[in-house]
Amino acid sequence: MRRKDLEITLQRNVQSFENPKIELEQYQTPPRVAANLVFRAFELGDIVDKSIVDACAGTGILGIAARLMGANDITSVEVDKDLIDVMNKNFSLLDIASIAITSDIFDWEPDKIFDTALVNPPFGINRMQRKFKDMDFIRKIKEFSKVIWSIHDGSPTNQKKLPMIFQKNGLKVLEYYIDEFPLTNSYFFHTSKRKEYSVMVVRSTKISQ
Ligand code: SAH
């Protein structure tokens, strides 16, 4: 499947959050951003025939994209039990075989190591309400994943700092690129309905001890 076809398939078939919960920072990765990420991961050999975990899966879009591009198996983990029906509906629309697990990622102890993790974690932007920040999620995910593809704040300051932060957390940034993430709700920006937000898409792996 071509990158554009992947984007169109996601656009047409993946339902987003109906009533997003701000305290869980629920915002769906737009189909274009999801297709770009998974297609790049595909090009680098992180998808085809691989065992994939979609951590903080939301409505399941990243795992779905990976399966469409040839992943062997997908496990989608999401803390919010209200999303399980949306996720399963999305899977069945596209005839996707995936294991959907309702669990807090911090309490989850899988019995295998995954080849690739895909994650758009809460950024911890809303500090008043968030207990964890994106790096807390990445640190946890690295316990059970060989390669991690993750989405982060792409501000110029963060672009400078993030590789070092990954390193401090025992991870090496293998590559990253910047993408534009349109936010259509007003979680983070109260003055405008739609705003482009730069995100940094990072491919990383554990630094071997
Ligand atoms: N991966 C989806 C959703 C991103 S939004 C997408 O790309 O569209 C972040 C998701 O993380 C939300 O669905 C939120 O409910 C979930 N989440 C937040 N804290 C979590 C935790 N501790 N464990 C598992 N999922 C969590």
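The values are calculated or read from the model by the stated rules, or taken from the named source; none is laboratory data. Since we're looking at a predicted model, the values are computed, not measured. So basically every Cβ, Gly included, is an ideal-geometry build from the backbone, and we count neighbours across all protein chains shown.
Please specify each residue of the stretch 63-80 satisfying the condition of being within 12 Å of the ligand (Cβ to nearest atom) and either under 21 Å from Tyr176 (Cα atoms) or at pLDDT below 95 (or both). Selection gives Gly63, Ala65, Ala66.
Taking Asp104, is it in contact with a strand residue (DSSP E or B) (Cβ under 6 Å, 6 or more places away or on another chain), of a type in the set (D, E, K, R) and under 25 Å from Ile138 (Cβ atoms)? No: the conditions fail for Asp104.
Quick check on my filter: what residues within the stretch 141-172 are surrounded by fewer than 16 Cβ atoms within 10 Å (Cβ to Cβ) and among the basic types (Lys, Arg)? Scanning the stretch 141-172 gives Lys146, Lys160, Lys161, Lys168, Lys172.
The set of residues in the stretch 31-50 being basic (Lys, Arg) and under 20 Å from Asn13 (Cα atoms) consists of Arg32 alone. For residues that are closer than 19 Å to Asp111 by Cα, of a type outside the set (A, V, I, L, M) and touching a Ser or Thr at 6+ places or on another chain (Cβ under 7 Å), scanning just the stretch 38-62, find the one that is farthest from the ligand (Cβ to nearest atom). The extreme case among them is Lys50.
In this structure, does Glu180 turn out to be modelled with pLDDT of 95 or more and either within 19 Å of Gly124 (Cα to Cα) or touching a strand residue (DSSP E or B) at 6+ places or on another chain (Cβ under 9 Å) (or both)? Against the criterion (modelled with pLDDT of 95 or more and either within 19 Å of Gly124 (Cα to Cα) or touching a strand residue (DSSP E or B) at 6+ places or on another chain (Cβ under 9 Å) (or both)), Glu180 does not qualify. The residues of the stretch 115-136 that are at pLDDT 95 or above and either within 9 Å of the ligand (Cβ to nearest atom) or over 16 Å from the mean Cα position of the chain (by Cα) (or both), listed by number, are Leu118, Val119, Asn120. Being more than 13 Å from the chain's Cα centre (by Cα), within 15 Å of the ligand (Cβ to nearest atom) and basic (Lys, Arg), is that true of even one residue in the stretch 144-157? No; the residues of the stretch 144-157 include none that is more than 13 Å from the chain's Cα centre (by Cα), within 15 Å of the ligand (Cβ to nearest atom) and basic (Lys, Arg).
Helices (runs of 4 or more DSSP H) fully within the stretch 18-111 that include at least 2 residues being in contact (Cβ under 8 Å) with a residue 24 or more places away in the chain and among the charged types (D, E, K, R): 31-43.
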